[in-house]
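The values are calculated or read from the model by the stated rules, or taken from the named source; none is laboratory data. These figures come from a predicted structure and were not determined experimentally. Note that each Cβ is placed from the backbone with ideal geometry, even for glycine, and that neighbours are counted across all protein chains shown.
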Amino acid sequence: MRIRNNVAYDPHFVSLGPYHHGEARLMPMEEHKVRAVLHFLKNSDKPMTDYVNALVEVVEELMGSYDQLDHKWRDGDKFLELMFHDGCFLLEIMRKFTDNNYGDYPGNDPIFGIYGFRKFSVVLFEDTLKIENLVPLLVLNKLVVVEKGMTRDQSTVYINHLVVMFFRIINIFVIEVDDRTDLGSNTFMHMLALAWKCMVGDYLLDSHEQPGTVYRTPATVLNRDAKVEFDVSEKNSLIGFAFDKEKGILNLPLIKIYDCTDSLLINLIAFEHLHTGVSHHVSSYVLYIEGLIRSIKDLKLLRLKRTISTDKNADEIVRLIQKISHDMGFISRFTLFHVINPLNEYYDKRKRKWEKRFRKWRSNFMEKYFDSPWSLIALLTAALILVLIGLQTVYAILSYYKPADDTLQTHHL
């Protein structure tokens, strides 16, 4: 995956977790992490040792969350310090952004104030969903249990709600996420896994998933050759595809394309490919959308049908979709055959019907006008007369305006 895109999984602004910690370009944020820790401890009015002891209980599980963990992080104290600092930073950032309550941070604070939100919210959001830049939600869970005296289930509900609200405030998600999204006390590995759940929704994972060759037809071709229409799906989810073969309408989830859409989708695809128990819903979504939007004409058609929301121009969108599809690489399991198969059957049937009508019309035309030389002569004569009439009309129009031009010219001389 990194061969195809070497920067899609790297943070731009802040390191979270061990993989990119200490990189020179990310070091300026470390002092702000320390400030976050100090504010968190001050507001919670509990000693740091209480939080560290809670993390010690699950240190092996936390270490096990990271594949190929560098030897330097095998030091339990150093690793726990990293988890504590990054966990406090995430809680502070999400709370400040979602509550619009900047506490004892000044309004012009470069990170935690309103200035920081306006300036860095998008890039911070992007960095929190990079697959190499994640902190287990178990860390946040443990911190909140100590801070608020909650049970494990209560803190899980609280964290899930906080993360979803963070997604909503940023308002650049591929689908609409709001505070009504109910995740209950379901536990998630990290924020990227929770984002995947929000985008896919409740779904029986393997009911439609299977390998096979995916034949995709561009939107304009579907519309031109088979009169397929497009509409926005009522399901607020990436799996909200449905085809009504009676009406010939393909329902699509609202496609939202913004600055960080490519980063988000590429990392969600990586999440699907790297976890064997996760279905390839996002990968299938990207692959199918790329098949629908092959050109600017396809994009304009879907925009006209209000199935796309974006602030980018058409060229940018087409390039972005093609880039995501290229970076995705091979997809072994496709989840939309239950939609694409009946759509392809409908398309083939309608196309054959129109081709049959055209062949019949062509046959009748040839039989009527080319069955004898006299028929051909009559056809050519009629065509010539139409051309002459057209030329005569143009000449008459030009003659109407020419006298005025001559009069003006004579007067000038």
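Output the number of residues of region 261-311 satisfying the condition of being among the charged types (D, E, K, R), touching a Ser or Thr at 6+ places or on another chain (Cβ under 9 Å) and part of a loop (DSSP other than H, G, I, E, B).
Summing the residues that are among the charged types (D, E, K, R), touching a Ser or Thr at 6+ places or on another chain (Cβ under 9 Å) and part of a loop (DSSP other than H, G, I, E, B) in region 261-311 gives 1.
Out of His21, His12, report the one residue that is in contact with a Ser or Thr (Cβ under 6 Å, 6 or more places away or on another chain) and either in a loop (DSSP other than H, G, I, E, B) or of a type in the set (S, T, N, Q) (or both).
His21
Scan Ile308, Ile266, Ile293 and give me the residue that is in contact with a helix residue (DSSP H, G or I) (Cβ under 8 Å, 6 or more places away or on another chain) and either modelled with pLDDT under 90 or surrounded by fewer than 18 Cβ atoms within 10 Å (Cβ to Cβ) (or both).
Checking each option against the conditions leaves just Ile308.
Count, please, the residues in region 231-283 that happen to be under 25 Å from Tyr347 (Cα atoms) and either without any contact (Cβ under 8 Å) to a residue 60 or more places away in the chain or assigned by TED's automatic domain parsing to the domain that holds Leu194 (or both).
Counting residues in region 231-283 that are under 25 Å from Tyr347 (Cα atoms) and either without any contact (Cβ under 8 Å) to a residue 60 or more places away in the chain or assigned by TED's automatic domain parsing to the domain that holds Leu194 (or both) gives 11.
Being out of contact with any Phe, Trp or Tyr (no Cβ under 7 Å at 6 or more places or on another chain), of a type in the set (Lys, Arg) and touching a residue at least 24 places away in the same chain (Cβ under 8 Å) is the filter here, so list the residues in region 129-167 that pass it.
Within region 129-167, Lys142 is the sole residue that qualifies.
When only residues in region 315-336 that are free of Cβ contacts under 8 Å to residues at least 60 places away in the same chain and among the polar types (S, T, N, Q) count, which is nearest to Tyr285 (Cα to Cα)?
By that ranking, first place goes to Ser325.
So that you can scan it fast, the table gives a plain yes or no per residue for (1) modelled with pLDDT under 85; (2) over 21 Å from Asp225 (Cβ atoms); (3) not assigned by TED's automatic domain parsing to the domain that holds Val174:
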{"position": "Lys300", "(1), (2), (3)": "no, no, yes"}
{"position": "Leu320", "(1), (2), (3)": "no, yes, yes"}
{"position": "Met328", "(1), (2), (3)": "yes, yes, yes"}
{"position": "Val339", "(1), (2), (3)": "no, no, yes"}
{"position": "Trp361", "(1), (2), (3)": "yes, no, yes"}
{"position": "Leu384", "(1), (2), (3)": "yes, yes, yes"}
{"position": "Leu391", "(1), (2), (3)": "yes, yes, yes"}
{"position": "Tyr395", "(1), (2), (3)": "yes, yes, yes"}
{"position": "Leu408", "(1), (2), (3)": "yes, yes, yes"}
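In region 119-157, how many are more than 14 Å from Pro11 (Cα to Cα), touching a helix residue (DSSP H, G or I) at 6+ places or on another chain (Cβ under 9 Å) and assigned to a loop (DSSP other than H, G, I, E, B)?
Counting residues in region 119-157 that are more than 14 Å from Pro11 (Cα to Cα), touching a helix residue (DSSP H, G or I) at 6+ places or on another chain (Cβ under 9 Å) and assigned to a loop (DSSP other than H, G, I, E, B) gives 3.
What are the residue pairs meeting all of these: first residue in region 183-202, first residue more than 19 Å from Pro253 (Cα to Cα) and modelled with pLDDT under 90, second residue among the aromatic types (Phe, Trp, Tyr) and in a loop (DSSP other than H, G, I, E, B), Cβ atoms under 6 Å, and 6 or more apart or on different chains?
none
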